[in-house]
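The values are calculated or read from the model by the stated rules, or taken from the named source; none is laboratory data. Worth saying up front: this structure is predicted, and the values here are computed from it rather than measured. Here the Cβ positions follow ideal geometry from the backbone for every residue, glycine too, while neighbour counts run over all protein chains shown. Ligands, DNA and RNA are stripped out before the accessible areas are found, and what is left, the full protein with its side chains, is counted by its heavy atoms. Shrake-Rupley method; radii C 1.70, N 1.55, O 1.52, S 1.80 Å.
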Amino acid sequence: MSESSVFEQFYIDQAARNQQLKHQLRQTLDPFGLLATTSKAQQAWLTHPTELHTALSRYVNDLVRLQGFTLRRYLGEPDSDCIPPHPEDPRFTDPIWCDSPFWDSIKEYYLLNTRWLQNSLYATPGLTEQERSKSAFWLRQFLNALAPTNFLLTNPTALAKALATRGESLQQGWENFKRDKAAGDIAMTDLSAFTVGENLATTEGAVVYRGKLLEVIHYEANTPTVHKVPLVLVSPWINKYYVLDLNPQKSIIKYLVDQGFSVFVTSWKNPDASMAEVGMDDYLTDGIAKIIDVAREISGSDKVNLLGYCIGGTLVSLYLAWANRKNPEQVPVASTTLLTTLTDFERPGDIEVFIDEDGLDYIDTIMERKGYLDGKDMAASFRMLRSNSLVWNYWASNYLMGETPMAFDVLYWNMDTTRMPKKMHHTYLRELYWHNKMIQPDALTIAGQPIDLGKITQPIYMVSAEEDHIAPWKQTFTLVDRVAAPVTFTLSTSGHIIGIINPPGPKSKRSYWQGQPAAAQGAEDWLQGQEKVAGSWWPNWIEWLKPYSGEQVKPKLSSRAHPKLCAAPGSYVLE
């Protein structure tokens, strides 16, 4: 090699090392690219002086108007909320924020500055939509953290309670803080009020299979006979299965058993570092395919009805595409139900602020070190999407007010997090979320088979939720035109959990829209053509399910091949 070639290679190597060092520094100091985006926004404003002058003039005018209003308040003018809080903002509901000129002025100045900063960021010229969303998200986190309600000396409600209780509320708040610090999370509910197997997950059943990835729970029949075709529920592995069996009044599992269905559910193993190399292939073959085999063997049915919830629905969709490609004549599924299920990740909701190359590299670094992603890290990301209601609300009530959160089973389940194996979660985030390969025919290979959603022919009943920020309903709707199956689409009111855990009854406050979308029909056009139906969608789903569920037979809990190992809820859910 010539001397010039040696020097050229040397400079190439140095450039590569320099880029690697810069990447490592970003991963350490700014893994989600906040500083870079902020710097770009600042430069954009400096290169658009006219727009900057207009924005600053607007701020000065609002500031002068607020100062005049504040002065008149101190002189006795009644409150008229110069800058009113958002109607759904619970932080300033105490009347003192309006009645007292002093506290009113603190509230108004906070709202003025936060709204001006956020509006100005959204109006920044030259930013891409992704940069705008990301920078706005992190700015919102910063501004929410600085709210006066989060600090004792600027929270009049907390100060009043401290005086009224002679400091006992502050002492209790300190005890709450120490408790939550030891647990590594801010408590959203009274954790002492619930025990899995005692007042949660109480529907009678038995573990009939235990493998490296899951326990299979089969539930006792509540009727003299059951439908021969069993119903297999695939729960999300980023949470524990008992969201489907919270209590007898809310349990979709008990409801199904009471309606004469033979119900099997996945209770996923909570992985540790030893399962780092467990991948998406394993979740399909040793997870979903395994529970289907167990259900078929015990029931004696050739087919099952398959249900997937959230990411469990994503896995069900992968399984159907895989099975229809592998052996289309012998797919052991009569029908499919998908609850709040994303298959198209182009716009996956607010969580996309964490999904880019730098963010994914940061998550990979964490998983490489531990062998898994801790469920608390995942839960923290989702809580940040609604930080006022899911973080700072509990910060103020738990610590400044010294209150114990009310007992709420859904929030207890939400805090009972699970871990995700490194290899599987890497595939999930990279191939599905980032590269969106699931909707690209044959771009993704799972367990030896190219995945093509267009191969799916089994009838589908889809349920999405109107206010879902985890699986936005318009994004879930895109599956309709990607499958060869007939699809009945149901849109429930409320959000990701309450829109699904929605039992029928006179106290039901929910409703839904339903219909079979026409070919190439958009989500909004479909919705405009539907009439709103009061009540739960559960009874409607049961009627849809019955034609695929076979004749009535005597119930059978277990078999010689799959005997009862222990009573439900089993052991994996307790890990």
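Residue count for region 83-110, restricted to those that are open to solvent by 50 Å² or more (accessible area, probe 1.4 Å), assigned to a helix (DSSP H, G or I) and of a type in the set (Val, Ile, Thr): 1. Out of everything in region 255-281 that is part of a loop (DSSP other than H, G, I, E, B) and aliphatic (A, V, I, L, M), what residue ends up being surrounded by the fewest Cβ atoms within 10 Å (Cβ to Cβ)? Step by step, filter region 255-281, then rank; the result is 276. Looking only at region 38-61, decide whether some residue is touching a Leu at 6+ places or on another chain (Cβ under 8 Å), open to solvent by 90 Å² or more (accessible area, probe 1.4 Å) and of a type in the set (A, V, I, L, M, F, W, C). Yes, region 38-61 contains a residue that is touching a Leu at 6+ places or on another chain (Cβ under 8 Å), open to solvent by 90 Å² or more (accessible area, probe 1.4 Å) and of a type in the set (A, V, I, L, M, F, W, C).
Of the residues that sit in region 404-443 and are assigned to a loop (DSSP other than H, G, I, E, B) and free of Cβ contacts under 8 Å to residues at least 40 places away in the same chain, which one is farthest from residue 321 (Cα to Cα)?
Step by step, filter region 404-443, then rank; the result is 435.
Here is the figure for region 364-394: residues that are touching a strand residue (DSSP E or B) at 6+ places or on another chain (Cβ under 9 Å) and either hydroxyl-bearing (Ser, Thr, Tyr) or part of a helix (DSSP H, G or I) (or both) total 5.
Cβ-Cβ distances below 7 Å connect no pair with a first residue in region 516-534 that is assigned to a helix (DSSP H, G or I), a second residue that is of a type in the set (A, V, I, L, M, F, W, C) and open to solvent by 60 Å² or more (accessible area, probe 1.4 Å), and a separation of six or more residues or different chains. Pairing residues of region 535-558 that are under 19 Å from residue 460 (Cβ atoms) with residues that are modelled with pLDDT under 95 and of a type in the set (D, E, K, R), at Cβ distances under 9 Å and at least 6 apart in sequence or on separate chains, gives 537/510.
Condition first: within 26 Å of the chain's Cα centre (by Cα), surrounded by 15 or more Cβ atoms within 10 Å (Cβ to Cβ), among the small types (Gly, Ala, Ser) and farther than 29 Å from residue 200 by Cα. Can you find one or more residues in region 497-518 that meet it? Scanning region 497-518, I find at least one residue that is within 26 Å of the chain's Cα centre (by Cα), surrounded by 15 or more Cβ atoms within 10 Å (Cβ to Cβ), among the small types (Gly, Ala, Ser) and farther than 29 Å from residue 200 by Cα, so the answer is yes. Kindly evaluate residue 297 against the criterion of being open to solvent by 10 Å² or more (accessible area, probe 1.4 Å) and not in a helix (DSSP H, G or I). Against the criterion (open to solvent by 10 Å² or more (accessible area, probe 1.4 Å) and not in a helix (DSSP H, G or I)), residue 297 does not qualify. Taking (1) farther than 30 Å from residue 422 by Cα; (2) crowded, with 22+ Cβ neighbours inside 10 Å; (3) among the hydrophobic types (A, V, I, L, M, F, W, C) in turn, residue 174 satisfies each apart from (2). All conditions in (1) of a type in the set (Asp, Glu); (2) within 29 Å of residue 252 (Cβ to Cβ); (3) more than 19 Å from the chain's Cα centre (by Cα); (4) not in a helix (DSSP H, G or I) hold for residue 344, with the sole exception of (3). Number of residues in region 221-239 that are surrounded by 15 or more Cβ atoms within 10 Å (Cβ to Cβ) and more than 24 Å from the chain's Cα centre (by Cα) equals 8.
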